[in-house]
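Just so you know, all these numbers are worked out from the coordinates, no wet-lab data involved. Bear in mind that the values here come from a model prediction, so they are computed numbers and not experimental data. Please note: Cβ atoms are built from the backbone with ideal geometry, for glycine as well, and neighbour counts cover all protein chains shown.
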Amino acid sequence: MALQALLQTPATALIALSFAFPITLLVYRLFFHPLARVPGPFYASLSSLWIYTQSYRGTEASAIDALHARYGPVVRVAPNEVDISDGAALAPIYTERGGFIKAQCYSNFDIDGHPTIFSELNVAERAKRAKAVAGMFSTASLRAGNDAIKECVDRMLSRMEREATSGQVVNLLNLTRSLALDAVSAYLFGKGYNGIQEEKLSASEFVDTFVAVGRFFYLPSAVFAFVEHWSAQLDENKQHVEKSMQTVDDFVSELVEDASEDGTAYQSRLLKAGILKHETKAQCKDLMFAGTDSTGMNLAMICWFLAQYPDRYSRLRREVLEAPPSSDPQSLPYLACVIKEGLRLSMANPTRLPRVVPPSGFPFSASNGKSYNFPPGALVGCAPYSLHFNTEIFESPRSFIPERWETPTKEMVRDHIPFGLGTRQCIARNLATVELFIAVAEIARRDVLSGARIVRDKIEIVEWFNSKVKGERIELVWK
């Protein structure tokens, strides 16, 4: 009776409801949610705070991988989210029937208010833009554009050779980022950025700022906008960031303003497809960021690994020198092994790639014999980190062993996803691959790494969606 009387007043009823609702929600998530039987720590079932925290700290990939070691290949990492470290899940999630749609959080990677080819959630809208530029990434087009890429590689290697003779420590990451940006801009936009000529790449802060957005990847859009805004305002490096952003913006604005709709460059193709100028600028920025960050990281790591293994570097050099001068680098088998192994280990994009389970649901039988039926609307995904470092698939997974790719198992091939998978994988993957093959082949041909030694015996990364190298340096010194 006392309780009934208490609840009759609006104020006390509201107070009671404010306590009852969260308790009911927590009980539902823990015991009655459709994912309640999926293994995982109880705190991840109750709130998304754990995954937000891991993402912000840059420990998401390794933290989830540790959960897999404890709970198995299927782990609940948030109330409505599941991470899967079993490669058998790749096809149904990412490739079959076009794959599941991207999660809402990808919109946090929109640029200047515009969804990009990468971040667009609407399949039809994305297809319109991708179709306009897809021809530039075909094998035939890239072969025709090899000279522009090779010219950038030659300029970068000449600079590397000069810096090697100085006796000073050389920051490979600065050089390889400069090459990647010059190559992507020269080939796609018809105008090189000329970062190789700069002592420090002027676009570095632009790239690093975009990388840091990954801290807040999973936040709801409204929360993300608030947090990202104030994070930028309070950044102690704000002036340098703004200068870098303005430099890139000026470069892109000139590209788009000077473009003609009957041209063949990336920006011209978008304009011809009816994409407005301000969005075209955003699309160009997206390509500049992605093309600089991932390819720069991958190439720097490959050089860093080769410097540690003179026998493998010598074998690579022999193969390159013995091949006919006109050979396509992608036809060289050991070079292909080196590239694949470098991509596996570099972890340019280590974290999971979340997708939305469709209305039909997602039944999945894991390799450990357990079966699950994930409900519509749940988020599921796989992470390159867990797949590439899986000891059941890759022997000594953290070691640089290019030879493993001479006789790969079907599971190795299946689980190697440095560019993602399916229709939403990196649109510029073929361009990035060509850059890597040309660059590594020329490094071997010119013997640039002769006498090179690593400075640190371990490269540590911050595990955001796009990884960040701690210290922002991958270093070699020539003795």
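Points to keep in mind about this one:
- Subset of region 77-125 (residues that are assigned to a helix (DSSP H, G or I), charged (D, E, K, R) and in contact with a Pro (Cβ under 8 Å, 6 or more places away or on another chain)): GLU125
- All helices (runs of 4 or more DSSP H) inside region 133-190 with 2 or more residues being within 17 Å of ALA307 (Cα to Cα) and among the charged types (D, E, K, R): 146-164
- Of ALA348, ALA366, ALA383, all but one fail to be of a type in the set (A, V, I, L, M, F, W, C) and surrounded by fewer than 18 Cβ atoms within 10 Å (Cβ to Cβ); the exception is ALA366.
- Test for SER268: is it out of contact with any helix residue (DSSP H, G or I) (no Cβ under 7 Å at 6 or more places or on another chain) and assigned to a helix (DSSP H, G or I): yes
- Looking only at region 279-311, and only at residues there that are farther than 22 Å from ALA186 by Cβ and touching a strand residue (DSSP E or B) at 6+ places or on another chain (Cβ under 7 Å), the one that is surrounded by the most Cβ atoms within 10 Å (Cβ to Cβ): TRP304
- For region 94-104, the set of residues classified as under 12 Å from VAL380 (Cα atoms) and under 18 Å from the mean Cα position of the chain (by Cα) consists of TYR94, ILE101, LYS102, ALA103, listed by residue number.
- Among all positions in region 32-48, there is at least one residue which is assigned to a helix (DSSP H, G or I), crowded, with 21+ Cβ neighbours inside 10 Å and either hydroxyl-bearing (Ser, Thr, Tyr) or in contact with a Gly (Cβ under 7 Å, 6 or more places away or on another chain) (or both).
- Qualifying positions in region 218-260 - assigned to a loop (DSSP other than H, G, I, E, B) and more than 22 Å from ALA428 (Cα to Cα): TYR218, LEU219, PRO220, LEU234, ASP235, GLU236, ASN237, SER260
- Single residue of region 411-429 satisfying the filter (over 15 Å from the mean Cα position of the chain (by Cα) and in contact (Cβ under 8 Å) with a residue 24 or more places away in the chain) that is nearest to SER367 (Cα to Cα): GLU411
- Cβ pairs under 8 Å, 6+ apart, first in region 132-151 and farther than 13 Å from LEU188 by Cβ, second among the aliphatic types (A, V, I, L, M): ASN146/VAL434; ASN146/ILE438; LYS150/ILE438; GLU151/ALA186
- Taken over region 425-479, the criterion of being assigned to a helix (DSSP H, G or I) and of a type in the set (D, E, K, R) is satisfied by ARG429, GLU435, GLU442, ARG445, LYS470, GLU472.
- Qualifying residue in region 34-44 (condition: touching a residue at least 60 places away in the same chain (Cβ under 8 Å), over 25 Å from VAL133 (Cβ atoms) and touching a Phe, Trp or Tyr at 6+ places or on another chain (Cβ under 7 Å)): yes
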